[in-house]
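Readers should treat all values here as calculations from the given coordinates under stated rules, not as data from a laboratory. Being a predicted model, the structure only gives us computed values, none of them experimental. Cβ: placed from backbone, ideal geometry, glycine included. Neighbour counts: every protein chain shown.
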Amino acid sequence: MIGNIVSRRDLIRVFTCLGASATLFPGFASIKTASGKLTRDKAENVVGDLTDLISNQASAAEIGGAYLSQSGTAIDPGSVANSIIAAGGGPYSTLGETRAALCDQIRNDFTHGRTVLVGGWVLSQTEASVCALVAVTSAS
Amino acid sequence: MFVDCRQLTDGSLIETDLCIVGAGAAGIALAREFAGHAAKVAVIESGGFEQEEESQSLYEGTVTGFPYRSLDSMRLRYFGGSTNHWAGNCRPLDEADFLERPWLPYSGWPFKRHTLIPYYERAQAVCGLQAFDYDIESWSNPGKLRTFQFDPGKLLTGIKHKSKPLRFGTAYRDELDRVSNLSIYHHGNLVDIESNDSASHISGLRCLCLTGTSFRVVAKTYILATGGIENARLLLASDRVQRGGLGNGYDLVGRFFMEHPHGGIGNIVLSDRFTLVQLYRGETIRNAFVKAVVTLSPELLAGEELSNIYFNLGARLSRSEGERSASEILKYAREWELPDDLGTHIGNVIADLDDVADAVYHRMTDDADPIGTLSLHCRVEPTPDPESRVTLAAQPDRLGIRQVDLSWRPGALALKSFNRGVEVLAMEVGRIGLGRMRIRPSGKNGWPPGFGVSGHHIGTTRMHRRPDLGVVNADCRVHGIDNLYIAGSSVFPTAGCNNPTLTLVALALRLADHLKKHV
């Protein structure tokens, strides 16, 4: 069962592998993942490209579940993933590129006020959406 | 010289040049300025040298409207006044606080900030602080004392100084006792301000002790320095000649009561627990204890028509079990000893080796402590509002003066500004990768549950050049009365968001300079 209270620990586990750590240590994320060549194609694989960036799937699913629960709408994982990728100028050939683009998008979200409140946490729209993807894919 | 009014002969007359009523921050700052001056000065203080239940009970009153703490607990009625429970935080008002802001009704001081700077510089020492320097560049550096790289068009890092804090009564008691032209009358209460028939000149003060001893003070010039609520109360209660109270020809006395909404709003979970936050935690630099605060930029405030806000950050150490064990082992090792449960501690360190190594590395390289979260507190500028006010209740106190009823509200603009300020901070925290912010949900009245007040009583005898918009003029003299002045935060026309003590002391020093020319 997915709860709607997002704990501090859940958040740390997720966001440190998204925007925040990469912003603080620009080289870190790409070094760690640059060798990961993307091999998937088509829509369902784009979802995998994004959710693979999350090292702690359980925490992300918790946040994503809370986000989906409060928004009260179902999502189509493929189209959400594609729109995230497209918004960042993708598709990308490596996980490193995907991660860097995602970090940029998250930063842009915060710059332009595209934020959502999930369990009291102020998150970027993009990171909440990625967490929602994890929630949906892990539930199915 | 100190005089216990309870020892005076009933019906005594005290004649002096200058009479200051109230020995809190403003009254003491003023009195010190007259040391060695030709003028003879008398200070009338209600309490003694420590808190007494009987005197304190004279502050009892009622509160209606927005929730507030009990009136007799927020203020202290003895020598030193509310500095006896002051936290010591000092920061001058910002440039924009003095300006007329079209979106903030009744805003605008009769002078700009630069007028107060020389007095702020002097007030700094009076408050027990080092030199007046609130320039962030003077205190920060790119190393350990770095500031967060917020968008300067949105957020700025500022500085506040923290006094020990100085208890004015304790700190200045001996000094004032030695001043030959100064007499401090304690345990004496002002109960009526007497005036001529046109209420344009004060002719004397009728005073009473709780023991029943009465006395009268006649001076050339009088200054009320009894605090942001009592200043208004005493004017309102002195209504035998002027209906509605002295200085109240335009029904302004007691109105525009302001208080800073203040409280915890949530926290920031840092993305890197070794983020350097020393300046925001507070640091002693060149003998001054300074602490960084985060403010909204003047551009944002003006562009979005907001009232002023500042955020105060507090750091909580976040050590893993292994780090705590390593620390414990080190503590004993410094004394050439070992803890009893050494085996358990070593086990914790081994199990948590990554964190321990990380902590040791940061301790050696940048002196950073592991910080898990930054707690967030916010203080908001209230809206000047004539309906937020102090009035007299029917119930009299033990001396026969009607108690106060406080009906206040922070204003819709304050709440709007608070919400927007929190939003901007959360966005910037995310944008620069500092971490993520968790905010408390709003309560029934729109503010987070538990959000409180600061104990700052402001605006009830507001300053304005025009008598129809202010109780006192730019010199803090009551409009229409030639020898009555007011000191303290009750004269602030707007409250800003910074702690008021430094500003009220600066204004008291400015008033002293003015009076020295005229007394």
- [ ] Give the range B:440-455 a look and list any residue that's surrounded by fewer than 20 Cβ atoms within 10 Å (Cβ to Cβ) and either facing another protein chain (nearest Cβ under 8 Å) or among the polar types (S, T, N, Q) (or both), or say none.
- [x] B:440, B:441, B:442, B:445
Task: Residue check for residue A:92: among the aromatic types (Phe, Trp, Tyr), more than 18 Å from residue B:271 (Cα to Cα) and surrounded by 23 or more Cβ atoms within 10 Å (Cβ to Cβ) - done: no
Open item on the list: residue B:491 - would you say it is crowded, with 20+ Cβ neighbours inside 10 Å, in contact with a Lys or Arg (Cβ under 7 Å, 6 or more places away or on another chain) and among the aliphatic types (A, V, I, L, M)?
Closed with: yes
Open item on the list: Just to be sure I understand, how many residues within the range B:250-271 are over 21 Å from residue B:421 (Cα atoms), in contact (Cβ under 8 Å) with a residue 12 or more places away in the chain and not hydroxyl-bearing (Ser, Thr, Tyr)?
Closed with: 6
Task: Which numbered condition residue B:458 fails, given (1) of a type in the set (Val, Ile, Thr); (2) within 14 Å of chain A (Cβ to nearest Cβ); (3) touching an Asp or Glu at 6+ places or on another chain (Cβ under 8 Å) - done: (2)
TODO: Keeping to the range B:33-47, report how many residues are under 17 Å from residue B:218 (Cα atoms) and charged (D, E, K, R).
DONE: 2
Open item on the list: Name the single residue that is farthest from residue B:6 (Cα to Cα) among those in the range B:182-199 being crowded, with 23+ Cβ neighbours inside 10 Å and touching a Ser or Thr at 6+ places or on another chain (Cβ under 6 Å).
Closed with: B:193
TODO: Give the range B:149-166 a look and list any residue that's among the charged types (D, E, K, R) and in contact with a strand residue (DSSP E or B) (Cβ under 6 Å, 6 or more places away or on another chain), or say none.
DONE: B:160, B:162
Open item on the list: Among the residues of the range B:201-215, what is the count of those that are surrounded by 16 or more Cβ atoms within 10 Å (Cβ to Cβ) and under 32 Å from the mean Cα position of the chain (by Cα)?
Closed with: 7
TODO: Select from the range B:4-19 the residues that are surrounded by 19 or more Cβ atoms within 10 Å (Cβ to Cβ) and within 20 Å of residue B:213 (Cβ to Cβ) and list them in ascending order.
DONE: B:5, B:8, B:14, B:16, B:19
Open item on the list: So, residue B:432, is that one under 16 Å from residue B:154 (Cβ atoms), within 14 Å of chain A (Cβ to nearest Cβ) and either of a type in the set (A, V, I, L, M) or crowded, with 23+ Cβ neighbours inside 10 Å (or both) or not?
Closed with: yes
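If we keep just the residues of the range B:254-283 that are aromatic (Phe, Trp, Tyr) and over 23 Å from residue B:430 (Cβ atoms), which is farthest from the other protein chains (Cβ to nearest Cβ)?
Checked the range B:254-283; the qualifying residue farthest from the other protein chains (Cβ to nearest Cβ) is B:256.
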TODO: Just one of (1) touching a residue at least 60 places away in the same chain (Cβ under 8 Å); (2) of a type in the set (A, V, I, L, M, F, W, C); (3) surrounded by 16 or more Cβ atoms within 10 Å (Cβ to Cβ) trips up residue B:76, so point out which.
DONE: (1)
Task: the range B:397-421: number of residues that are within 14 Å of another protein chain (Cβ to nearest Cβ) and either surrounded by fewer than 22 Cβ atoms within 10 Å (Cβ to Cβ) or of a type in the set (S, T, N, Q) (or both) - done: 2
Open item on the list: So in the range A:102-124, with the set limited to residues that are at the interface with chain B (Cβ under 7 Å from one of its Cβ atoms) and assigned to a helix (DSSP H, G or I), which one is surrounded by the fewest Cβ atoms within 10 Å (Cβ to Cβ)?
Closed with: A:111
- [ ] With the checklist (1) touching a helix residue (DSSP H, G or I) at 6+ places or on another chain (Cβ under 6 Å); (2) within 30 Å of residue B:297 (Cα to Cα) in hand, flag the one item residue B:163 doesn't pass.
- [x] (1)
